[in-house]
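Structure first, then comments.
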Amino acid sequence: KPRSEVIARPGFEQVLFIEMGWGADQHGQNVTKACVRAARNAIEFNSIPSIGALVPGGYEGMKLAIDVAVPPATRDDVDVDAIAAVFPYGSPVITLQDGGAVFPSGIALEAMGDKNDDIIVAICCVTVGY
């Protein structure tokens with residue numbers, strides 16, 4: 001019989017949900033835009049109506065750990081406050097890590113703010129708990 005083990009996350013008494021998403025900026029090479037899209041993608045199709053019953057203190061007591069993987073060369077350009085603004089409830093803590101991706105789009109459009117043909121991709125993992 002396979003065993004499973006719940007691994008605690010530091011700072012959380014209980015982890016309830018893990019949500020994941022990705023986002024990209026195809027024109028303009030704006031890593032913050034890619035991160036915001038990744039965060040929205042992680043939570044956009046979720047509804048958690050029972051937070052008040054599950055989390056001591058309800059929405060105000062909800063903890064959010066937001067891990068965002070971005071290409072290392074873009075890390076200093078990330079606006080973490082813009083990522084935090086995606087979350088209407090809880091106390092989001094944003095952690096950036098190396099990851100994400102940069103892909104060529106095959107075209108640079110100056111009219112769209114392109115500096116080159118890079119597509120910037122971010123990956124987001126949202127941990128919800130208390």
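The values are calculated or read from the model by the stated rules, or taken from the named source; none is laboratory data. Bear in mind that the values here come from a model prediction, so they are computed numbers and not experimental data. We place every Cβ from the backbone using ideal geometry, glycine too, and count neighbours over all the protein chains shown. With ligands, DNA and RNA removed, areas are computed over all heavy atoms of the protein, side chains included. Shrake-Rupley method; radii C 1.70, N 1.55, O 1.52, S 1.80 Å.
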Here is a list of conditions, (1) under 25 Å from F12 (Cβ atoms); (2) surrounded by 13 or more Cβ atoms within 10 Å (Cβ to Cβ), and D114 meets all of them except one; can you say which number that is? (1)
How many residues are open to solvent by 30 Å² or more (accessible area, probe 1.4 Å) and touching a strand residue (DSSP E or B) at 6+ places or on another chain (Cβ under 6 Å) if we restrict to region 68-83? 3
Helices (runs of 4 or more DSSP H) within region 13-130 that include 1 or more residues acidic (D, E), at pLDDT below 95 and over 16 Å from the mean Cα position of the chain (by Cα): 58-61
Working only within region 45-67, note down all residues that are of a type in the set (D, E) and surrounded by 13 or more Cβ atoms within 10 Å (Cβ to Cβ). D67
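Please tell me if Q26 is more than 30 Å from E110 (Cα to Cα), touching a residue at least 60 places away in the same chain (Cβ under 8 Å), open to solvent by 20 Å² or more (accessible area, probe 1.4 Å) and of a type outside the set (D, E). Working first, answer last.
On the way: more than 30 Å from E110 (Cα to Cα): no; touching a residue at least 60 places away in the same chain (Cβ under 8 Å): yes; open to solvent by 20 Å² or more (accessible area, probe 1.4 Å): yes; of a type outside the set (D, E): yes.
So Q26 fails the test.
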Residue list for region 86-111, filter: in contact (Cβ under 8 Å) with a residue 40 or more places away in the chain and open to solvent by 80 Å² or more (accessible area, probe 1.4 Å): V93
